[in-house]
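The values are calculated or read from the model by the stated rules, or taken from the named source; none is laboratory data. All figures in this text were calculated on a predicted structure; none of them were measured in a lab. Every residue, glycine as well, gets a Cβ built from its backbone with ideal geometry; the counts of neighbours run over all protein chains shown. Heavy atoms of the whole protein, side chains included, go into the accessibility calculation; ligands, DNA and RNA do not. Shrake-Rupley method; radii C 1.70, N 1.55, O 1.52, S 1.80 Å.
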Amino acid sequence: MWLGAGAILLAGVFLVRTAVEEGWLGPEARCALAGLLGLALVAAAEWLRRRAPLHAAAEAMPAETPAAHAWPDLAPGALAAGGVAVLFGAAYATAVLYALVPPLLGFALLALAALAGLALALLHGPLVAAIGIACAYLTPALVQTEDPSLPGLFAYLLIVTAAALAVVRQVAAVWLGWVATIAAAGWVVVAGLFIGSDGDLWAPALFVPAAAALHLALLPGAALETALGRRLAWVPFAVLGGAALLLVPGTKSLSPAAALLLLTPVAVWKGIAEPRVDRLPWLAGLFGLLLLLAWRIPAWLPSGETVSIAGVVQGILPLGPWPPEALQPFLGAALLLAAMHGLAGWWQECRAPHPLRWAALLAAVPVLALLVAYARVRGFAPDIRWALAAVALAAVLVAAATAAQRAGAQQRAGAHAAGAVAALALGAAMVLSSQWLTLAVALFLPPLAWVEARADLPALRRVATAVAGLVLVRLLLNQEVLDYSFGTMPVLNGLLLAYGVPAAAFAVAAFQFRRRADDATVAVLEAGALAFLTALLLLEARHAMTSGDLAGEEWGFPEAALQLCALSLLAALVRLLNRRLGRVVLDWGWRLQQLAALGLGLVLLLANPAFETGVALLTTPVLNELLLAYALPAALAAAAAQSPEAGRPPLFRPALALYALAAGFAWVTLEVRHEFHPLDMSLDLEPVGAAELYAYSGAWLGFGAFLLALGIRNGIPALRLAALAMLGLTILKAFLVDMAELQGLWRVLSFLGLGLALIALGWVYRRFVVAPATLPPAPAPQA
């Protein structure tokens, strides 16, 4: 039936085209005949509808017959839809194609054809309504005039929208209402592009809340009976709001702002009248916050006296009127947005079927509006006036929480308490800067966890996750942290407050949240605490090596050695802690830390002081930077390799063992080099002498003996094989290097020591590793 209606439409188009190509009749006769064809189709549709043979036959069929009510009569609707389309085409040819009538009269003809389709839809169903709606919204685009009127255009669109929604309500086709509203929103966007930034947009702007109110007023109640209908009921509202929002950045007019703010009372009215869509005020609040973000704030200068310390401006004492005139519209809009949502939430939280949704509206939107306004006006610069506003808002929310607590509404009280804590944290951030700003936000997490537990508000977990993400990005992905001033004292400096306190706040909040549920929020907080602790150790090492100038000096070997040792030690501690607590985050955390230590360790193995020039180390034997860079990380990696937790991932344990052997060998070798050349170990500056060459053999033999003893004591065959490999390397060195480079007594001592050591190690290996062959028992003496 629908395809048949489309075929009739094409037949009308082809008829007009054929008449033009063949020269049949004149333009007036063609348009008249096309109109008569459309009327004939509509009359035929009405004649079929009144006869209704299919309905009569269906009524005569038994009730148990499946086809009795399965297929309605669609033929009248298809003919009526084709007739409306032909009528609209005839009006278009009369007004536009041949220009037989003035533009205003042509517009009236087109609109009449479209509205006739909407009226016929009451009799013939949604197909005719779809044709009528399409024609009605296309009409303004088809008529050209030298003096267009935006108020007239949007008055017509408002009438068409009302008629379309009224018809849709009767024919029970909710999707047509969505199409009509989306088409109206498209005209709002087109008007914004047509007018530009200097025009007055009051007509399309005021059309937005009016069309949204029409949609919500004429929304059929049956559309909200299903879950899908309830989820999609906000789509036209959102499309209209999005269209108005697109007008904001490119204009100086306040009309789009007024339109977006007027969506709030519309949404509140519908949310009160129909509890099933009481989330609409939240959508209106979102549009209001996006309005504040997109608002074009003109240039302005704060009036007052600057306060400077050492030439750096620390603040401005207000002397003139505040706020300045340039900011008054923006601040008025922010205040109106916060007031409307706050009052609506306060009014309905005791009356609505879902009081928590309205209470959260009071707790969230004013705080967010204050945050956005402060960010747009002050750019997060410290300002005591904004902090006082945050404190006043916190006092209001505390009063609301107290009233809800007295009424026995724990969840409402918890929502208001969370908002009060957020307002206080925002107020603290408004008087702080740099790392103190992030510290204030991090301290917001434990009270939030306490409120969530006391008021049974699981939604606050998502808020905590968002706050945690903000703090993590601010402290871990912010390069400006290196420019902050943390003082010059090692360890006891500002880094403890900037990273240690947030780590503690994350850990405490994770512990509080975990009491009720072990979910993603707990995992994020635990991971954040571990990340902050890791960053604290690495930055403390950097701070100690650069005397507090984190962004100044280049990264050197002593600093890398200290960071590698700290990272390896932290991984070991986290591994032991996880063995006691059994947390997934800790289980993966120590692995990631150990992998980072392995990567840094490989860098130091390749860029060691023997291959680099100008590396200054402590001159004391053993107790120097080489111990931190190689010996301690090797020992900790070996201990991790022997732990049962190192079985995952599969190659993790062998990687740890190989690094431990390589780092231990590097430490023994470089310690010998350091003993002979304590000031500069570079091979390019100081050649290897005979005594040093002999010392390498002794050190390697001692390292091999240590590995052998350790492997025998712990029963680890891999260590014994490593000891044999170390002995083989020493033998190769003796025959390939010592024989050619050493002379006289040094050569004698080298081979003598090697021989005695090999004999001794061979005896140890046979004594403790290779079991002696068992002798057969002696035969018994014969009598």
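For the reader, a short list of remarks on this structure follows.
- Using Cβ point charges alone (K and R +1, D and E -1), the dipole size of the stretch 580-699 about the Cα centre works out to roughly 820 debye.
- Put simply, when 407-418, 473-484 are sorted by average Cβ atoms within 10 angstrom per residue, most first, you get 407-418, 473-484.
- Summed over the residues of the stretch 525-627 and divided among them, the accessible surface reaches 45 Å² per residue at a probe radius of 1.4 Å.
- Rg/Rh, computed from the Cα trace of the stretch 482-633 with Rh as the Kirkwood radius, has the value 1.02.
- Across all directions, the average flat footprint of the convex hull enclosing the Cα atoms of the stretch 595-657 is 4.8 nm².
- Between the beta carbons of residue 645 and residue 496, assuming R0 = 45 Å, the FRET efficiency works out to 0.90 to the nearest 0.05.
- Solvent exposure of the stretch 369-510 as accessible area per residue, Å², 1.4 Å probe: 44
- Each Lys and Arg adds +1 at its Cβ and each Asp and Glu adds -1 at its Cβ; summed about the Cα centre, the stretch 419-489 shows a dipole of about 180 debye.
- Residues residue 519 and residue 354, FRET efficiency given R0 of 25 Å [Cβ-Cβ distance, rounded to 0.05]: 0.60
- Surface composition of the stretch 548-682: carbon and sulfur make up 73 percent of the accessible area, probe 1.4 Å.
- With the simple spin-label model, which puts each label point 7 Å out from Cα in the Cβ direction, the residue 105 to residue 155 separation comes to 2.1 nm.
- Inter-probe distance in nm under a simple model that places probes 7 Å from Cα toward Cβ, at residue 606 and residue 551: 2.9
- Subtracting the Cα-Cα distance of residue 296 and residue 40 from 0.36 nm times their residue separation leaves 86.5 nm of extension gain.
- For the stretch 656-695, the Kirkwood hydrodynamic radius from C-alpha pairs, put into Stokes-Einstein at 37 °C and a viscosity of 0.692 mPa s, yields a diffusion coefficient of 298 µm² per second.
- The gain in end-to-end length when the residue 182 to residue 339 segment is fully stretched comes to 53.6 nm, 0.36 nm per residue minus the alpha carbon separation.
- Computed from phi, the 3J(HN,Hα) profile of the stretch 619-633 under the Karplus parametrisation 6.51, -1.76, 1.60 (θ = phi - 60°) reads 8, 6, x, 6, 7, 8, 5, 5, 5, 6, 7, 10, 5, 5, x Hz, with x in place of Gly and Pro.
- Distance between modelled label sites at residue 623 and residue 710, nm, 7 Å Cα→Cβ extension: 2.3
- Gyration tensor (alpha-carbon) shape descriptor, the stretch 572-678, a/c threshold 1.5: prolate
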